[in-house]
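**Q** Below is one structure. I have some questions about it.
The values are calculated or read from the model by the stated rules, or taken from the named source; none is laboratory data. Everything numeric here is computed off the predicted structure, so don't read it as measured data. Here the Cβ positions follow ideal geometry from the backbone for every residue, glycine too, while neighbour counts run over all protein chains shown. Areas reflect the complete protein model, heavy atoms only, side chains present, ligands, DNA and RNA absent. Shrake-Rupley method; radii C 1.70, N 1.55, O 1.52, S 1.80 Å.
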Amino acid sequence: MEIHEFARKVSTALQAELGEGYHVEYREVRKNNGVFLCGLLVTARDRNVVPTIYLNDFWEAYEGGMTLSEVIRRVADIYLGETPDRDVDMDFFRSFEQVRDRICYRLVGRARNRELLLDIPYLEYLDMAICFFYAFQSKELGEGSILVLNSHMEFWNTDKEELMRLAQANTPRLYPWMCAPMDDILMGAMGEDCDWEVPEEYDGQEDVPLFPMRVLSNRQQINGASCVLYPGVLDQVAREMGCGFFLLPSSVHEMILLPDKGEENPQGLKSMIVQVNRTQVPPEDILTDSLYRYDPEKNHMKKIL
């Protein structure tokens with residue numbers, strides 16, 4: 001069964017499960033990098049919140065043996081359990097004065113987002129694009145983001161330069177940066193008791209990093225690659241490293257920083273970025289296939305491959 005047929009069946013069955021007072025609609029939702037996900041939009045007559053429940057993971061589970069009835073039950077549980085039982089006031093979004101303190105930026109690759117960039121305000125940065133979002137926060141819905149569209153910018157009677165000025169102040173405040181050694185990230189992911197093998201040449205030495213790389217992101221680890229835009233961050237990292245460094249875009253959520261000691265093969269690093277993007281990173285999370293370098297003497301980040 002193809003995913004679109006699966007989504008239609010789930011939509012029909014969920015409509016029957018919820019009954020009158022609800023409208024279930026299947027729709028493809030465009031995400032980053034031109035990726036489209038299959039989603040169900042559920043509208044209740046007595047509330048203005050219309051959640052989107054993505055079905056791609058459920059489809060994979062169904063292909064792996066989960067029954068359709070189990071899929072319907074879990075989707076219904078998600079909707080009924082996580083959707084607010086009352087309206088959420090969104091009138092504030094009409095007022096630029098009420099949103100300006102939470103306008104933030106993120107980075108996306110330009111090549112994969114040509115269609116998206118037609119609909120949103122953005123500024124070019126190397127081969128990437130700086131685009132803007134509202135950092136949403138409410139008691140009913142928790143935290144999230146609302147992508148700023150050209151239509152929003154026009155309604156607010158502002159421009160992308162003002163959005164950038166606001167985002168430069170708001171993003172570091174709301175999404176503080178962090179730069180951790182790769183060792184710490186790996187150990188944290190695998191647990192303190194993981195059995196990691198120390199290279200023979202370092203055996204018996206203390207405080208020797210297994211990996212000379214660092215991971216630059218924000219504390220939320222969401223859209224953290226944009227931390228390269230924070231004033232003074234790259235310069236501070238270079239001072240701590242004692243040299244310039246390569247930047248490998250691991251995803252839209254982080255950058256991997258590798259000290260440039262004159263020993264690395266840039267072409268090899270470029271090949272590694274491409275391979276990881278093709279095999280390890282979800283398509284919607286890919287930033288670029290490019291390799292960058294930060295020169296502390298010029299205080300400049302540039303694309304080198």
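**Q** Do you know which residues across the stretch 198-231 are at positive phi and at pLDDT 95 or above?
**A** Kept after step one, since they are at positive phi, are these residues of the stretch 198-231: 204, 207, 221, 223.
223, the sole residue that qualifies.
**Q** Also, I was wondering about something else. Would you be able to say whether some residue in the stretch 71-88 is surrounded by 14 or more Cβ atoms within 10 Å (Cβ to Cβ), among the polar types (S, T, N, Q) and either out of contact with any Asp or Glu (no Cβ under 8 Å at 6 or more places or on another chain) or closer than 25 Å to residue 281 by Cβ (or both)?
**A** yes
**Q** Another question, then. Is there a residue in the stretch 148-155 that is at pLDDT 85 or above, within 27 Å of residue 283 (Cβ to Cβ) and buried (at least 18 other Cβ atoms within 10 Å of the Cβ)?
**A** Just the residues of the stretch 148-155 that are at pLDDT 85 or above, to begin with: 148-155.
Restricting the remaining residues to those that are within 27 Å of residue 283 (Cβ to Cβ) gives 148-152.
Narrowing further to those that are buried (at least 18 other Cβ atoms within 10 Å of the Cβ): 148, 152.
Yes, there is a match, as at least one residue in the stretch 148-155 is at pLDDT 85 or above, within 27 Å of residue 283 (Cβ to Cβ) and buried (at least 18 other Cβ atoms within 10 Å of the Cβ).
**Q** Looking at the stretch 175-194, is at least one residue touching a strand residue (DSSP E or B) at 6+ places or on another chain (Cβ under 8 Å), farther than 17 Å from residue 258 by Cβ, in a helix (DSSP H, G or I) and modelled with pLDDT of 90 or more?
**A** No, the stretch 175-194 contains no residue that is touching a strand residue (DSSP E or B) at 6+ places or on another chain (Cβ under 8 Å), farther than 17 Å from residue 258 by Cβ, in a helix (DSSP H, G or I) and modelled with pLDDT of 90 or more.
**Q** On to the next question. What number of residues within the stretch 6-60 are under 17 Å from residue 282 (Cα atoms) and assigned to a helix (DSSP H, G or I)?
**A** Within the stretch 6-60, residues that are under 17 Å from residue 282 (Cα atoms) and assigned to a helix (DSSP H, G or I) number 8.
**Q** For residue 231, which of the numbered conditions (1) open to solvent by less than 40 Å² (accessible area, probe 1.4 Å); (2) closer than 20 Å to residue 128 by Cα; (3) part of a loop (DSSP other than H, G, I, E, B) fails to hold?
**A** Of everything listed in (1) open to solvent by less than 40 Å² (accessible area, probe 1.4 Å); (2) closer than 20 Å to residue 128 by Cα; (3) part of a loop (DSSP other than H, G, I, E, B), residue 231 misses just condition (1).
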